[in-house]
Amino acid sequence: MKTYREMSREELLSLKEKLDQQFADAKGKELKLDMSRGKPAMEQLDMSMGIMDVLNSEADMRNEEGVDTRNYGLMDGISEAKHLMSDMMGGIPAENVIVYGNSSLSIMYDTVSRCVTHGVMGSTPWCKLDQVKFLCPAPGYDRHFSITELFGIEMITIPMTPEGPDMDLVEKYVSEDPAVKGIWCVPKYSNPQGITYSDETVRRFASLKPAAKDFRIYWDNAYSIHDLYDEEQDELLEILSECEKAGNPDMVYEFSSLSKVTFSGAGIAAFASSKANVEETKKFMSVMTIGYDKINQLRHTRYFKNVEGLKAHMKKHAAILRPKFEAVLDVLEKELGGLGIGEWTKPRGGYFISFEAMEGCAKAIVAKCKEAGVVMTGAGATFPYGKDPRDSNIRIAPTFPNAEELAAATDLFVLCVKLASVEKLLAQ
């Protein structure tokens, strides 16, 4: 089999003619499919409906310490929820955890906002500094980048490797530039590549020597229990204990949630850090809220009981998601393998597959998909400022469509990859 680059111009023109006809046929199907975001499918949401029956008008609404969850109090969360989330996040002490509402993204936004307006542990508020910078491993999570961009923080792209971010670059920026105040991280099954940081990478993070005393690692551990396989699971070293060992106990803000475990709009989210960081955070929380939804926290803890219950539930998610990921990967291999026009990750968990097209083709592929009725995440979204320097990365989200929709969307995607690649080669 020839790669596309090995084909003569005549062969490419002949191939383009066939692909153009296939694309016209695809447009004629008038598809309306969405693979743009990593949303759980309805089948996954239905799986958690039993949580609605845990509490009713006859239920004892007191938590295990006898506090009435219907009333004010327990600003940092009920103890059962703190223990459940601490166990999910790798065995962090429960006193180092604050349980919020439904969204970890809102915690991250609030944390950055507080640093901008009030600083970190007595340091100068970022709004009073001439320059504030954030390191952004990329491809990465577009909503992280949206937060820092909104606050006018300069974002510096850090390339990803199979072990995690390029730590040589991270160490250089952090140690040499006091304007570097943070780094975004999705350390397990990263968005979108599905990479889990190696033990060495985690230890190098823990051992950083920041030029800025208010530097923090924003550790978005969104997929800590989102494994696709029972046997082949990635393991992530627990960052807070590693920081403590390295003499940097305050350097990490960790975030997590149950948004893709139960209901995306009605899970519970948590923040974890050192005792000093937690106390500072609670001080600001006391002005902002008298407490989050403790009834929802109680509902979740009574439903799952413990982290083993959580993990058993996640196996049911995996049984739904695994065939979807494998179906997409099978089509990619069958249709694009050996053609030299694309590479892709094969994650063991998380919510995405990362596709690397030929340089200069990602925007064209996504545009063609949209023209034929399949919405993808915007090309460039996985990079700071929405600018992929190679115009090659595309995030594939296989989770939301049903099997029939997913097959149609994937078939169209590979067709668009072929067509955009041929057009690129003919234009050279």
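The values are calculated or read from the model by the stated rules, or taken from the named source; none is laboratory data. Worth saying up front: this structure is predicted, and the values here are computed from it rather than measured. In this analysis, Cβ positions are derived from the backbone assuming ideal geometry, glycine residues included, and neighbour counts consider all displayed protein chains. Only protein heavy atoms, including side chains, enter the accessible area calculation; ligands, DNA and RNA are left aside. Shrake-Rupley method; radii C 1.70, N 1.55, O 1.52, S 1.80 Å.
Output the residues belonging to segment 331-342 that are in contact with a helix residue (DSSP H, G or I) (Cβ under 9 Å, 6 or more places away or on another chain), of a type outside the set (Lys, Arg) and open to solvent by 10 Å² or more (accessible area, probe 1.4 Å).
Residues of segment 331-342 that are in contact with a helix residue (DSSP H, G or I) (Cβ under 9 Å, 6 or more places away or on another chain), as a first pass: 331-332, 334-336, 339-342.
Those still in the list that are of a type outside the set (Lys, Arg) too: 331-332, 335-336, 339-342.
Val331, Glu335, Leu339, Gly340, Gly342 - these are the residues of segment 331-342 that are in contact with a helix residue (DSSP H, G or I) (Cβ under 9 Å, 6 or more places away or on another chain), of a type outside the set (Lys, Arg) and open to solvent by 10 Å² or more (accessible area, probe 1.4 Å).
Can you find a residue that is surrounded by fewer than 22 Cβ atoms within 10 Å (Cβ to Cβ) and more than 29 Å from Met167 (Cα to Cα) anywhere in segment 135-145? No, segment 135-145 contains no residue that is surrounded by fewer than 22 Cβ atoms within 10 Å (Cβ to Cβ) and more than 29 Å from Met167 (Cα to Cα). Restricting to segment 12-41, and then to whatever is open to solvent by 70 Å² or more (accessible area, probe 1.4 Å) and at pLDDT 95 or above, can you tell me which residue is farthest from Glu423 (Cα to Cα)? Of everything passing the filter in segment 12-41, Asp25 is farthest from Glu423 (Cα to Cα).
When you scan segment 53-62, do you find a residue that is touching a residue at least 12 places away in the same chain (Cβ under 8 Å), of a type outside the set (Val, Ile, Thr) and open to solvent by 60 Å² or more (accessible area, probe 1.4 Å), even just one?
Let us first name the residues in segment 53-62 that are touching a residue at least 12 places away in the same chain (Cβ under 8 Å), namely 54-55, 61.
Right, trim to of a type outside the set (Val, Ile, Thr) and you get 55, 61.
Okay, now just the ones that are also open to solvent by 60 Å² or more (accessible area, probe 1.4 Å), so none.
No, segment 53-62 contains no residue that is touching a residue at least 12 places away in the same chain (Cβ under 8 Å), of a type outside the set (Val, Ile, Thr) and open to solvent by 60 Å² or more (accessible area, probe 1.4 Å).
Among the residues making up segment 251-265, those that are crowded, with 21+ Cβ neighbours inside 10 Å and out of contact with any Cys (no Cβ under 7 Å at 6 or more places or on another chain) are Tyr253, Glu254, Phe255, Ser256, Ser257, Leu258, Lys260, Val261, Thr262.
The requirement of being more than 13 Å from the chain's Cα centre (by Cα), in a loop (DSSP other than H, G, I, E, B) and crowded, with 22+ Cβ neighbours inside 10 Å is not satisfied by Tyr189. The residue of segment 274-303 that is farthest from the chain's Cα centre (by Cα), among those that are crowded, with 18+ Cβ neighbours inside 10 Å and aromatic (Phe, Trp, Tyr), is Tyr303.
Of everything listed in (1) open to solvent by less than 40 Å² (accessible area, probe 1.4 Å); (2) without any contact (Cβ under 8 Å) to a residue 24 or more places away in the chain; (3) of a type in the set (Lys, Arg), the single unmet condition for Lys172 is (1). Each residue in segment 78-128 was checked for being over 24 Å from the mean Cα position of the chain (by Cα) and open to solvent by less than 30 Å² (accessible area, probe 1.4 Å), and 7 of them qualify. Residues of segment 224-283 that are outside any helix (DSSP H, G or I), within 23 Å of Met75 (Cα to Cα) and of a type in the set (Asp, Glu): Asp250, Glu254. Cβ separations smaller than 7 Å between residues 6+ apart or across chains give the following pairs from segment 290-316 residues that are over 10 Å from Leu55 (Cβ atoms) to residues that are polar (S, T, N, Q): Lys294/Thr69; His300/Thr262. A Cβ distance below 9 Å, combined with a sequence gap of six or more or placement on separate chains, defines the contacts here; from segment 115-139, residues that are free of Cβ contacts under 8 Å to residues at least 24 places away in the same chain and farther than 30 Å from Pro389 by Cβ reach residues that are among the hydroxyl-bearing types (Ser, Thr, Tyr) and in a helix (DSSP H, G or I) in the pairs Pro125/Thr117. Residues in segment 312-330 that are open to solvent by 30 Å² or more (accessible area, probe 1.4 Å) and in contact with an Asp or Glu (Cβ under 9 Å, 6 or more places away or on another chain): Lys315 alone. You will find that of Gly73, Gly50, the residue that is modelled with pLDDT of 95 or more, within 23 Å of Tyr292 (Cβ to Cβ) and open to solvent by less than 50 Å² (accessible area, probe 1.4 Å) is Gly50 and no other. If the condition is being surrounded by fewer than 17 Cβ atoms within 10 Å (Cβ to Cβ) and of a type in the set (Lys, Arg), then segment 376-428 contributes Lys387, Arg390.
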